[in-house]
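Just below is one structure, and these are the notes that go with it.
The values are calculated or read from the model by the stated rules, or taken from the named source; none is laboratory data. Bear in mind the structure is a predicted one, so any value in this text is a computation, not a measurement. Note: ideal-geometry Cβ built from the backbone for every residue, glycine included; neighbour counts use all protein chains shown.
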Amino acid sequence: MANPAMLTTLSASPTAVVTGGESGIGLATLIRLARAGYAVFSGDLRLDPANDAVLAELAIHRQVCDVRREADVQSLITTAHGVTGRLDVLVNNAGVALVKPITEVTEAEWDRCLDTNLKAAFFGCKHAIPLMKANDRGGAIVNVASNAGLLPRAHDPVYSISKHALVGLTKSLALCHSVDRIRINAVCPGPVGDTGMVNADLMAASDPTAMAEQFIAASPLARAFRRMITPDEVAQAIEYLISDAALLVTGTMIAIDGGKSLGVPPKGN
Ligand code: NAD
């Protein structure tokens with residue numbers, strides 16, 4: 001999905017790789033970073049034709065990439081570096097839900113959830129860090145975790161486990177690679193409207209309106225403002241974490257969850 005003229009214009013720009021860019025938070029992040037002047041490279045399981053026009057206009061390079069496969073993640077990162085000669089930002093965003101009690105989870109479902117939500121970030125960090133190390137200014141990695149990575153949830157324990165582990169990966173690698181001037185942080189969103197993840201839940205519900213109200217009610221500020229978080233609100237937090245304003249920020253989790261991970265909310269409203 002890249003033409004040579006487009007790739008020439010990207011040459012030497014600050015460079016960002018984003019996984020899971022065809023929908024929801026990833027799509028909002030691609031658009032925000034491209035508008036901020038980054039050369040943006042996106043990888044996803046499938047390229048959605050509905051995104052063709054807007055992403056082509058922003059000169060965003062897209063390729064098919066299954067983040068559960070190391071070779072795919074490596075190819076995405078080396079393509080970006082090959083075009084611009086640098087790698088500044090990696091956003092490990094691709095993720096899948098798994099809503100089931102542990103006693104009903106199959107080994108294949110466990111693997112799909114953990115491989116997408118956790119192992120893919122390991123692949124990304126493994127291949128991005130050496131390229132960022134070669135950069136005088138280092139680099140910034142943002143992992144898209146979840147409020148479920150801060151406070152476990154009873155209805156989706158394996159998803160919660162995957163996001164807790166992603167938070168652990170973030171802190172551990174942040175510590176290891178501060179010496180390389182590489183900052184590694186996470187955002188912990190939810191509930192985020194206009195995403196494939198939330199839309200799938202709503203479509204599967206017998207009463208989608210009641211389910212949307214339930215999502216909103218579970219987050220104190222979402223309840224107070226009577227809406228979910230937007231994908232672009234999460235993208236703005238990612239943009240902050242990769243910016244110079246956060247040059248000395250690493251190993252931190254920004255919860256963009258309207259206070260959902262704080263504890264049991266007050267009654268009312
Ligand atoms: P989404 O379904 O809109 O986007 C997820 C994207 O990841 C999709 O484009 C999908 O095709 C891609 N993807 C899935 N498996 C992949 C794979 N193996 N390889 C490459 N791409 C793959 O949902 P979203 O809410 O935008 O999800 C983005 C991230 O945000 C996920 O990590 C999710 O866990 C996290 N998150 C979402 C919410 C929410 O309320 N929507 C809350 C907390 C965390």
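A few notes on this one:
- Residue in the stretch 88-97 that is of a type in the set (D, E, K, R) and more than 18 Å from Leu173 (Cβ to Cβ) present: no
- Elements of type strands (runs of 3 or more DSSP E) in the stretch 7-126, at least 1 residues being without any contact (Cβ under 8 Å) to a residue 40 or more places away in the chain and within 15 Å of the ligand (Cβ to nearest atom): 39-44, 61-64
- A search for C-beta distances below 6 Å between a residue of the stretch 171-199 that is farther than 21 Å from Ala235 by Cβ and any residue that is surrounded by fewer than 17 Cβ atoms within 10 Å (Cβ to Cβ) and at pLDDT below 95, counting only pairs 6+ apart in sequence or on different chains, returns nothing.
- Matching residues in the stretch 33-45 - criterion: being within 17 Å of the chain's Cα centre (by Cα) and surrounded by fewer than 19 Cβ atoms within 10 Å (Cβ to Cβ): Leu45
- Sole exception among (1) in a loop (DSSP other than H, G, I, E, B); (2) touching a Cys at 6+ places or on another chain (Cβ under 6 Å) for Val249, by number: (2)
- Qualifying position, being at negative phi, crowded, with 17+ Cβ neighbours inside 10 Å and of a type in the set (Asp, Glu), among Asp115, Asp52, Asp48: Asp115
- Some residue of the stretch 240-247 being aromatic (Phe, Trp, Tyr) and crowded, with 21+ Cβ neighbours inside 10 Å: no
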